[in-house]
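Please treat every number below as a calculation from the coordinates, not as lab data. Values in this document were obtained by computation on a predicted structure and should not be read as measured data. Note: ideal-geometry Cβ built from the backbone for every residue, glycine included; neighbour counts use all protein chains shown.
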Amino acid sequence: MFSPLAEDGYAQPIWNPLTGVIDRDVAAYWREHYDLNRILQRDWSRLGPKLQGKLHIAIGDMDSYYLEQAVYLLEEFLKTTKSPPANATFEYGRKQPHCWTGSSAERPGERMSNAEFVRVAARYLAARRSR
């Protein structure tokens, strides 16, 4: 679903499941269109002013799909941004898997529930709207 279309009308596979060979053209397409770190680096002068102070990322440090590795790289980049600085926040859940939503302010020491996440997001959005 992320790939350009192949001649048969289906998405081009990023790798051959029989040989394990990666299609570098498809990987490059994914990188340019879906790699958030790449897109932010490439377009920070345009996106930075719109995103300053709005990026709040929570991830388990043992993500089921190893996505924490990409988040570490994103954090490194965002720490270097200027004009404007990103002012992004990162929270890593120790030994937490994929879909970890952050620490609970309502129940210290526990994971934030989905309901609490919605309340936090609603308060955040309401505060930004009133500016």
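Out of all the residues in the stretch 24-55, which are loosely packed, with under 15 Cβ neighbours inside 10 Å and either over 16 Å from the mean Cα position of the chain (by Cα) or of a type in the set (V, I, T) (or both)?
R24, D25, A27, A28, I39, S45, R46, P49, K50
When both residues are 6+ apart or on different chains and their Cβ atoms are under 6 Å apart, which pairs have a first residue that lies in the stretch 1-23 and is surrounded by fewer than 10 Cβ atoms within 10 Å (Cβ to Cβ), and a second that is not in a loop (DSSP other than H, G, I, E, B)?
M1/A11
Being more than 24 Å from L74 (Cβ to Cβ) and within 23 Å of the chain's Cα centre (by Cα) is the filter here, so list the residues in the stretch 1-10 that pass it.
Selection gives P4 alone.
Which one of A58, A70 is surrounded by 15 or more Cβ atoms within 10 Å (Cβ to Cβ), within 13 Å of the chain's Cα centre (by Cα), in a helix (DSSP H, G or I) and small (G, A, S)?
None of the others qualify; the one that does is A70.
Could you tell me whether any residue of the stretch 93-110 is surrounded by 15 or more Cβ atoms within 10 Å (Cβ to Cβ) and of a type in the set (D, E)?
no
For the condition under 19 Å from R38 (Cβ atoms) and of a type in the set (D, E, K, R), what is the one hit in K95, K50?
K50
If I ask for residues that are hydroxyl-bearing (S, T, Y), more than 19 Å from G60 (Cα to Cα) and surrounded by 10 or more Cβ atoms within 10 Å (Cβ to Cβ), which ones from the stretch 111-131 would you list?
Y124
Identify all residues within the stretch 1-35 that are in contact with a strand residue (DSSP E or B) (Cβ under 9 Å, 6 or more places away or on another chain) and part of a loop (DSSP other than H, G, I, E, B); write none if there are none.
Listed by number, the residues that qualify are M1, F2, S3, P4, Q12, I14, N16, V21, D23.
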